[in-house]
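To start, the structure under review is shown below, and the notes come after it.
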Amino acid sequence: MTDLSASTGGRAVAAAGDFNPYAAYAEQATGGARNIVKFRKGRFFYGQDDVEIPPGTRLVADMAGARVGWVRWRDGRPTDEVMVLIGEGVAPPRRDELGDRDRELWETDERGDPKDPWQLTNHLPLIGPETGDRFLFATSTRGGIGAIGVLARAYGTLYRQKPGKLPVVELEASDYAHPNKAYGRVDVPVLELVDWVEEAGFLTPAPEAPEPEPRQEPPRAADAMQQGSDSGAGRRTRF
């Protein structure tokens with residue numbers, strides 16, 4: 001098992017004592033994920049700064065939170081999504097039910113061809129086994145969706161025999177020869193089920209509005225300077 005130490009660069013979404021319903025919904029909808037995990041050119045990355053995740057890193061997969069559906073993109077950013085939980089056994093809507101059918105209004109790809117704004121997407125929440133930090137593997141590629149499908153098949157054959165447990169996956173990479181030789185070999189992610197852990201402590205309920213905190217007097221200038229110095233120390237986290 002590979003341990004990863006890296007700065008997460010997390011930012012608070014609301015001041016202490018303020019309840020932010022939008023942040024609370026986002027926390028619930030993404031399984032509490034703070035960082036998006038991506039796979040590019042045979043390597044995994046997470047976060048806005050694209051911190052690389054070493055091969056062999058193990059993470060706990062929250063299969064109950066895995067979702068499939070459609071994400072709408074515009075100017076390189078998601079603008080809408082229609083997702084369903086895989087575990088509920090309900091199929092997402094068909095593409096023709098989502099609108100945006102006029103190809104003349106679509107953006108174009110690097111070759112100048114119209115690009116459908118709605119992309120079939122899989123979301124798999126992941127959890128750091130040591131820290132409980134939340135991540136989200138989001139993929140619209142054939143290889144990424146296939147990797148989640150392989151994991152789902154392995155999980156589906158065993159999960160009834162593992163009540164109260166969550167699967168541990170190891171992040172690896174593989175490749176295959178594309179039928180079109182112009183593309184050469186194509187890298188694909190691998191999420192290998194390698195272990196199981198007790199789910200207690202990993203799955204948490206949806207966040208609730210916090211109790212208001214007692215009003216405190218502002219710190220003296222000298223104390224504030226000292227606190228700022230202390231908080232500036234390097235903060236690192238482990239999966």
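No lab work stands behind these numbers, since they all come straight from the coordinates. Computed from a predicted model, the values in this text were never measured in an experiment. Heads up, the Cβs are rebuilt from the backbone with ideal geometry, glycines too, and the neighbour counts pull from every protein chain shown.
Using the alpha carbon gyration tensor of the stretch 84-199, what are the three equivalent-ellipsoid semi-axes (square root of 5 times each eigenvalue), largest first, in whole Å?
Computed over the stretch 84-199, the values are 32, 20, 13 Å.
Which of the chymotrypsin sites (Phe, Trp or Tyr not before Pro) found in the stretch 65-107 are loop residues per DSSP with 12 or fewer other Cβ atoms within 10 Å of their Cβ?
none
In whole Å, largest first, what are the principal axis extents of the Cα atoms in the stretch 84-126?
That works out to 38, 26, 9 Å along the principal axes.
Quick one: grab Rg to one decimal and Dmax as a whole number for the stretch 40-146, Cα atoms only, in Å.
Calculated on Cα positions, Rg and Dmax stand at 15.8, 49 Å.
What are the GluC sites (Glu not before Pro) within the stretch 72-123 that DSSP puts in a loop, where the Cβ has at most 14 other Cβ atoms within 10 Å?
Answer by residue number: GLU110.
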